[in-house]
Amino acid sequence: MDQKNPIIVANWKMYKTDLDAKVYLQEFFELLPKTSARVLIAPPFTTIRDVVKSRQYIEVGAQNVHEESVGAFTGEISAMMLRSISASFVICGHSERRRLFNDTEERVHLKLKQILLNGLLPILCVGETVSEREAGQTEKVLTRQIESALFRLRPSNLILAYEPVWAIGTGKTATPEMAADVHGFCRDLLKKLWGDVKVPILYGGSVTPETATALAAKPEIDGALVGGASLDAAKFVQIIKGFTS
Ligand code: PGA
């Protein structure tokens, strides 16, 4: 990891009204007036604009986007709309989207294309299920997910997040060694695909203030994608400090 500039992303999922977000940010900026970390927050769509307005050094983005640019898609949000409210990144391929909302590999690829077309930064999430890990399929699954998402694309700006499905919201974190192994594998794969490009690789899955420091100590881990623990400003600040101290 670039010890001085880790990337720490908060994924608020379907939590926090705009009022909750205001209270949170006030506490957050009081506790962490500045940091060398690159801090990104992905609030729900309804709160993005408010978080953008209040931002100091944070980047604000979305948790999802539709794969078409425009059209009769009731209830959906396009990448252009996100850009128009100054969102700067989009999480794509999160396992909850893949599992609960039919975000197939084809759709993840199309979403990634939309994100790039609109000049936004994609955070591509990949990860294996527990049965895939037990069957020794982790590398095969990650190869498929990465190659299909990036098919014929070569973004100049991309963040990869390794999020083992069995570690998300379960309290089971991959050990730093397990995460580092997989990160090394993903880095080699990207090198094979694109040569020497710099793609930061984050770890996600039950990251807490207690696990942050050990994860941060691994040079292969460039930062974290944090769900549950990012909902509490104090805990999120501790995680950022764990990665920067
Ligand atoms: P978690 O979620 O930290 O609650 O496990 C991580 C994620 O879903 O990105």
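The values are calculated or read from the model by the stated rules, or taken from the named source; none is laboratory data. These numbers were taken from a predicted model, which means no experiment stands behind them. We place every Cβ from the backbone using ideal geometry, glycine too, and count neighbours over all the protein chains shown. Keep in mind that these areas ignore ligands, DNA and RNA; they rest on the heavy atoms of the full protein, side chains included. Shrake-Rupley method; radii C 1.70, N 1.55, O 1.52, S 1.80 Å.
Quick notes
- For segment 5-160, share of DSSP beta bridges that run antiparallel, in % to the nearest 5: 0 percent
- Computed label-point distance, nm, for sites residue 104 and residue 192 using a 7 Å Cα→Cβ extension: 2.5 nm
- In Å², nearest 10: area of residue 17 left accessible to a 1.4 Å probe: 70 Å²
- Sequence-ordered 3J(HN,Hα) estimates for segment 92-104 from the Karplus curve with 6.51, -1.76 and 1.60 and θ = phi - 60° stand at 9, x, 4, 5, 5, 5, 5, 7, 9, 10, 6, 7, 6 Hz, glycine and proline given as x.
- Basic side chains Lys and Arg get +1 at the Cβ, acidic Asp and Glu get -1 at the Cβ, and with that the dipole of the chain about its Cα centre reaches some 500 debye.
- Under the Karplus curve 6.51 cos²θ - 1.76 cosθ + 1.60, θ = phi - 60°, whole-Hz ³J(HN,Hα) for segment 219-229, x wherever Gly or Pro sits: x, 6, 9, 8, x, 9, 10, 10, x, x, 6
- Calculated on the alpha-carbon coordinates, the convex hull of the chain measures out at 115 cubic angstrom per residue.
- Accessible carbon and sulfur surface of the chain relative to its total accessible area, %, 1.4 Å: 53 percent
- Nearby lysines by direct alpha-carbon distance to residue 140 (threshold 21 angstrom, same-chain neighbours under 8 apart not counted): 191, 192
- Backbone amide hydrogens, once placed in the peptide plane, bring residue 226 within less than 5 Å of 9, 10, 11, excluding anything fewer than 5 places away on its chain.
- Counting only aspartates and glutamates at least 8 places from residue 241 when in the same chain, those with an alpha carbon closer than 18 Å to its own are 2, 27, 30, 59, 210, 222, 232.
- Full extension of the chain segment joining residue 129 with residue 18 gains 36.6 nm, where the gain is 0.36 nm per residue of separation less the Cα-Cα distance.
- Zone residues, segment 75-96, relative to residue 46, backbone N less than 16 Å from point 7 Å out along Cα-to-Cβ: 75-77
- Using heavy atoms of the protein chains and a probe of 1.4 Å, the accessible area assigned to residue 170 is about 70 Å².
- If you take the alpha carbon atoms of segment 138-199 and fit the smallest convex hull around them, that volume is 91 Å³ per residue.
- Mean projected area of the convex hull spanned by the Cα atoms of segment 21-155, taken over all viewing directions: 9.9 nm².
- Separation of the residue 74 and residue 170 label points, Cα + 7 Å toward Cβ, nm: 3.6 nm
- By the Stokes-Einstein formula, at 1.306 mPa s and 10 °C, segment 135-245 with its Kirkwood radius over alpha-carbon pairs has D equal to 109 µm²/s.
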